[in-house]
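Just below is one structure, and these are the notes that go with it.
The values are calculated or read from the model by the stated rules, or taken from the named source; none is laboratory data. Everything numeric in this text was worked out from a predicted model, so none of it was measured. A quick note on method: Cβ atoms are made from the backbone with ideal geometry, for glycine too, and the neighbour counts reach across all protein chains shown.
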Amino acid sequence: MSKVLSVNLEKAVDPALLGEYKEKVKEINTGINSKTLKGNDFLGWADYPTTYDKEEVEQIIKDAEYVRANYEVLVVCGIGGSYLGARAAIEAINGLKPDGGPEIIFFGNTFSPNYTAQVMSYLEKKSFAINVISKSGTTTETSISFRLVKDLLERKVGKEEARKAIFATTDKEKGALKTLSDKEGYQTYVLPSDVGGRYSVFTAVGLLPMAVAGIDIKAFLSGALLASKELNNPDLETNPCYQYACTRDYMYRHGKSVEMFVSYESQYTQIGEWLKQLFGESEGKEKKGLFPASATFTTDLHSLGQFIQEGTPLLYETIIYVDKPKADIAIPKDKEDLDGLNYLEGKNISYVNRKAFEGTLEAHTSGGVPCVVIELEKMDAYSLGYLLYFFMRACAMSAYLLEINPFDQPGVEIYKKNMFHLLGKKGY
Ligand code: PA5
């Protein structure tokens with residue numbers, strides 16, 4: 001087993017209690033590999049780290065270099081699975097105050113008039129390229145935002161120059177975005193038909209924005225490749241991914257209704273958003289599933305900490321803790337010590353963070369909150385690739401344990417229908 005990541009269930013469940021899942025896990029693992037389960041035509045992500053189009057990745061790297069060399073901003077238009085993975089990966093790897101490279105602006109993930117208008121006026125003064133991402137090619141948030149930025153770009157630099165700055169990620173053959181891209185001659189990348197949005201971070205959906213952000217996408221894919229090999233292991237006793245999935249199921253069946261994803265890194269906050277979509281959209285069906293929530297500690301200990309410790313006992317935590325921070329800083333000495341912090345003089349912030357984690361873990365478990373701890377060795381692209389694949393595989397296993405199709409999202413359509421009706425769209 002690799003040292004990229006470890007799962008510790010000590011503070012959550014007695015592993016002996018998971019024994020009953022052994023056979024079921026084996027069966028589901030076989031079903032994932034042979035693509036014989038519910039939603040099997042969306043299992044393309046499972047071996048994607050092996051089967052991906054190597055030429056397309058080279059093209060992405062080339063195009064990303066071009067964007068990096070020529071534009072101040074990359075505007076990424078997309079929502080849900082066509083947005084969250086790229087943002088989560090970029091922030092997790094580059095941090096919240098990255099040094100150099102084009103600024104990445106995520107757009108089209110809201111109808112907020114304020115955000116939309118503010119981004120548009122900001123872009124007036126910038127040189128920018130666009131990556132529009134939509135599998136269906138018809139998502140309203142994405143389409144409106146793309147119409148706006150495309151129009152601005154064409155007015156600023158002319159149709160010909162704009163064409164060189166627009167990159168579209170969509171279905172290989174069908175959809176409005178594919179038709180438009182072919183007509184306009186945009187560079188296009190493929191979101192494979194057997195990979196759903198929330199499982200698409202390893203495709204061009206995640207890779208182009210990440211490469212423009214200067215991230216080593218081959219390392220990211222290599223981490224996923226290792227995970228896809230190691231975690232494709234039917235033996236529950238030696239597969240931490242499936243141990244985690246079974247723990248989720250155990251929690252669900254033993255009175256917990258919320259899984260709170262916790263990290264101790266501000267730059268992992270968006271990983272929490274990605275996880276909420278992955279698990280929420282995959283599992284929340286047929287009146288089943290854990291509600292996925294997320295928090296960043298210690299920040300949120302000063303808001304949610306009270307409830308977690310002493311409130312309604314509905315949740316358990318899945319903590320992602322990174323052992324080696326990418327950057328660190330020591331606490332300086334102060335002559336007068338009026339703040340009383342000299343006992344920490346010379347200690348790194350990472351040391352304080354670790355002690356906060358250990359102290360909180362004890363506090364919450366003693367308060368009756370089970371805690372799963374996933375420790376990640378490093379914060380690099382390789383480790384993150386491993387981590388995200390780990391969760392995708394765990395999510396599929398969890399949904400199948402609930403006898404749910406992990407790859408559809410029928411409930412999301414209801415708000416859209418109502419909205420289209422109210423907006424007066426033809427046919428609604
Ligand atoms: O996970 C999913 O499938 C969804 O979140 C989609 O990614 C999201 O609705 C955007 O869809 P599209 O890529 O078709 O614009």
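Side notes on the structure shown:
- Test set (1) over 21 Å from the mean Cα position of the chain (by Cα); (2) within 24 Å of ILE32 (Cα to Cα); (3) basic (Lys, Arg) - ARG393 fails condition number: (1)
- Sole residue being closer than 20 Å to LEU384 by Cβ and at pLDDT 95 or above, chosen from ALA117, ALA89, ALA69: ALA89
- 3 or more residues within 16 Å of the ligand (Cβ to nearest atom) and farther than 19 Å from LEU278 by Cα: qualifying helices (runs of 4 or more DSSP H) within the range 133-215: 140-157, 176-184
- Helices (runs of 4 or more DSSP H) enclosed by the range 1-118 - at least 1 residues per element that are out of contact with any strand residue (DSSP E or B) (no Cβ under 6 Å at 6 or more places or on another chain), more than 29 Å from ALA394 (Cβ to Cβ) and of a type in the set (Val, Ile, Thr): 54-70
- Tallying residues that are crowded, with 20+ Cβ neighbours inside 10 Å and either free of Cβ contacts under 8 Å to residues at least 40 places away in the same chain or not in a loop (DSSP other than H, G, I, E, B) (or both) within the range 383-428 yields 19.
- Count of the range 276-315 residues, restricted to those that are closer than 14 Å to GLN409 by Cβ, of a type in the set (Gly, Ala, Ser) and either touching a strand residue (DSSP E or B) at 6+ places or on another chain (Cβ under 7 Å) or in a loop (DSSP other than H, G, I, E, B) (or both), is 3.
- Residue count for the range 234-260 satisfying the condition of being of a type in the set (A, V, I, L, M, F, W, C) and either at pLDDT below 95 or within 19 Å of GLU377 (Cβ to Cβ) (or both): 1.
- Among the conditions (1) touching a helix residue (DSSP H, G or I) at 6+ places or on another chain (Cβ under 8 Å); (2) within 16 Å of the ligand (Cβ to nearest atom), ILE32 misses just one, which is (2).
- Selected residue [touching a Gly at 6+ places or on another chain (Cβ under 8 Å), surrounded by fewer than 19 Cβ atoms within 10 Å (Cβ to Cβ), within 26 Å of LYS218 (Cβ to Cβ) and in contact (Cβ under 8 Å) with a residue 40 or more places away in the chain] from GLY95, GLY100: GLY100
- Taking the range 324-348 as the range and being under 30 Å from GLN270 (Cβ atoms) and surrounded by 13 or more Cβ atoms within 10 Å (Cβ to Cβ) as the test, the residues that pass are PRO325, LYS326, ALA330, ILE331, LEU344, LYS347, ASN348.
- Of the residues in the range 161-171, not one is aliphatic (A, V, I, L, M), in contact with a Cys (Cβ under 7 Å, 6 or more places away or on another chain) and within 22 Å of VAL212 (Cα to Cα).
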